[in-house]
Amino acid sequence: MSIIKKPRIKSGILFQGLYLILLPLLFNCLLILILNNAVIKAERQIDISRKQMTVVYKLTHAIYAVTEILLGGSNAMMNGSYRFFSPLINRGWTIVQDDLSAVAQNVDLDESYKQFDEQMKSLLDRQQAIFLKSEDRSLGFNNVFVKMRRAAEWIRIGGKQSLLLHEQQKVVRENFLHSLQLQRNEQKLIEEIVVAGFIANIILALLLYGHFHRNFMGRVNALSKMARKLPLNEPIDEVLTGSDELQDIGVELAKMSWTLADVAEYRRSLMQMMAHDVRSPLMAADISIATMSKFLGSSLSAGGRQSLIAAGDALADCLVLVNDLLLLESLENGEAKYHLKDCELHHLISSVVENADYLHSHALKNLADAFVVKADAELTSKVLDRVLREASLRAPAGSTIKVTTALQTDGGVVLEVSDQGKPLTEAESTMLFDKLQQAQRTAAGEVNSLGLSIAPAIMALHNGSIQQRSSDDGNAFTLHFLRAES
């Protein structure tokens with residue numbers, strides 16, 4: 001299998017996580033900048049509108065002041081009340097000058113306003129000169145015509161001045177209304193930015209979720225499928241895309257699957273060798289020793305007979321161990337042949353006890369009821385034999401080993417084998433069902449088989465289980481069976 005090479009630059013899951021975090025952050029920062037710019041523009045328009053409103057107010061006030069001067073001066077000239085000229089002129093001129101100064105502070109001093117300001121000052125000076133001339137007390141009532149002629153000139157200039165103020169007021173009012181419209185436009189733009197940002201964030205979140213689900217979760221699911229192939233010894237041909245740690249894990253899983261497949265193939269060949277090249281000679285040797293014992297045993301010396309018996313026992317132990325290995329291999333590969341049928345537990349226990357010579361130094365109480373369960377008699381007998389053998393090994397000589405059965409609430413049957421041996425620790429209890437630990441014990445000469453390591457797989461074939469528990473009184477093994485239908 002060809003494995004793709006690692007890229008020189010790896011993005012990494014952390015980088016992808018930062019990408020998922022930083023992208024919305026950068027987008028929202030940009031959105032905030034746009035929104036802030038719109039707010040600044042709106043604030044500027046509000047400030048411009050405020051200034052233009054001040055200009056409109058001041059120009060209107062100036063118009064009223066000029067009108068007051070014109071009306072008051074006209075009345076004073078017509079009825080000869082010259083004593084009102086100076087206070088009227090001074091008050092009006094002060095109002096107009098103050099208003100024009102306030103206007104100058106709130107408008108851009110462009111050429112049009114400068115021209116307007118010069119015209120206003122010129123007209124104010126001319127009006128003031130007319131009023132001062134009209135204030136000449138040497139004029140008598142006989143010179144009404146002269147006064148009227150001067151008044152006509154003054155009214156014409158005043159009217160022109162008033163027209164200039166009105167025109168300037170009209171321009172400023174239009175600018176003010178335009179500024180208000182721009183202000184409303186900026187406020188509407190802010191609302192649109194907020195709504196668009198909200199919608200864009202939702203769309204971005206959905207896109208990032210889709211990217212995350214497709215790129216990350218999809219590959220995690222693919223890794224899960226690849227990992228599930230490992231216990232089945234199935235080779236993995238898929239290679240994950242990307243350049244992060246997930247891709248590395250996928251590559252390593254693929255390599256491991258092929259390594260495990262090679263190991264499984266080697267294991268199968270080894271078991272085939274055990275079945276043909278080891279078991280067959282052992283069985284032939286066992287038959288030969290049995291034949292020699294039957295026909296030549298009486299002619300051998302005592303030492304020869306003892307050696308022949310020891311060789312037969314050693315061959316029997318080797319055959320048991322080889323058969324255990326082959327049975328465990330078939331159980332783990334799902335190739336074990338078994339047939340579930342109705343079996344009475346009491347009879348199975350009795351048949352095992354009859355051949356259990358290792359129980360001669362213990363007292364056995366078989367209190368099992370006549371429950372009928374679904375089981376393979378041969379495989380179940382192997383499990384019962386291993387449980388009784390383990391109990392006899394740990395229980396002191398002369399102690400009692402008790403076998404009981406009970407009916408469960410779900411209809412199943414529990415068979416319990418209890419002894420009075422030293423309570424096992426949790427680690428020791430776990431080692432009982434470990435095939436590697438049992439193989440080490442076999443190599444050390446403590447037992448001649450794989451012991452209880454074959455029991456969990458056999459009980460799983462019966463849809464049952466085996467468990468061990470310890471108490472102050474000793475140890476107990478519980479086997480769970482399905483009860484046969486009546």
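The values are calculated or read from the model by the stated rules, or taken from the named source; none is laboratory data. All of these numbers come straight from a predicted model, not from anything done at the bench. Every residue, glycine as well, gets a Cβ built from its backbone with ideal geometry; the counts of neighbours run over all protein chains shown.
Within the bounds of segment 246-263, is there any residue that is of a type in the set (S, T, N, Q), at pLDDT 80 or above and farther than 30 Å from L30 by Cβ? Yes; the residues of segment 246-263 include at least one that is of a type in the set (S, T, N, Q), at pLDDT 80 or above and farther than 30 Å from L30 by Cβ. Checked against (1) modelled with pLDDT under 85; (2) surrounded by 15 or more Cβ atoms within 10 Å (Cβ to Cβ), A375 passes all but condition (1).
Pairs linking a residue in segment 36-56 that is closer than 10 Å to N175 by Cβ to a residue that is surrounded by fewer than 17 Cβ atoms within 10 Å (Cβ to Cβ) and among the charged types (D, E, K, R), with Cβ atoms under 8 Å and 6 or more positions apart or on different chains, are V56/R173. When T400, T430 are screened for being assigned by TED's automatic domain parsing to the domain that holds H346, at pLDDT below 85 and surrounded by fewer than 15 Cβ atoms within 10 Å (Cβ to Cβ), only T430 passes. For segment 415-422, does any single residue satisfy the condition of being basic (K, R), within 24 Å of V322 (Cα to Cα) and modelled with pLDDT under 90? So far as segment 415-422 goes, no, none of its residues is basic (K, R), within 24 Å of V322 (Cα to Cα) and modelled with pLDDT under 90. Residue-level analysis places K337 among those that are among the basic types (K, R), part of a loop (DSSP other than H, G, I, E, B) and surrounded by fewer than 13 Cβ atoms within 10 Å (Cβ to Cβ). Just one residue in the set T291, T380 is closer than 30 Å to M271 by Cα, outside the structural domain of K422 (by TED's automatic domain parsing) and either touching a residue at least 24 places away in the same chain (Cβ under 8 Å) or not in a strand (DSSP E or B) (or both); that residue is T291. On the stretch given as segment 294-304, residues that are surrounded by 12 or more Cβ atoms within 10 Å (Cβ to Cβ) and at pLDDT below 80 total 3.
Looking at A406, is it small (G, A, S) and out of contact with any strand residue (DSSP E or B) (no Cβ under 8 Å at 6 or more places or on another chain)? Criteria not met by A406. Within segment 474-486, being modelled with pLDDT of 85 or more and touching an Asp or Glu at 6+ places or on another chain (Cβ under 9 Å) holds for G474, N475, A476, F477, T478, L479. Applying the criterion of being at pLDDT below 80 and of a type outside the set (A, V, I, L, M) to the residues of segment 25-46, the residue that is surrounded by the fewest Cβ atoms within 10 Å (Cβ to Cβ) is N36. State whether one or more residues within segment 301-309 are small (G, A, S), without any contact (Cβ under 8 Å) to a residue 12 or more places away in the chain and closer than 30 Å to A455 by Cβ. There is no residue in segment 301-309 that is small (G, A, S), without any contact (Cβ under 8 Å) to a residue 12 or more places away in the chain and closer than 30 Å to A455 by Cβ.
For every residue, the table says whether it meets (1) touching a residue at least 12 places away in the same chain (Cβ under 8 Å); (2) in a helix (DSSP H, G or I); (3) under 17 Å from the mean Cα position of the chain (by Cα).
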{"residue": "H178", "(1), (2), (3)": "no, yes, no"}
{"residue": "L182", "(1), (2), (3)": "yes, yes, no"}
{"residue": "N185", "(1), (2), (3)": "no, yes, no"}
{"residue": "I190", "(1), (2), (3)": "yes, yes, no"}
{"residue": "G197", "(1), (2), (3)": "yes, yes, no"}
{"residue": "G210", "(1), (2), (3)": "no, yes, yes"}
{"residue": "N215", "(1), (2), (3)": "yes, yes, yes"}
{"residue": "L223", "(1), (2), (3)": "yes, yes, yes"}
{"residue": "A227", "(1), (2), (3)": "yes, yes, no"}
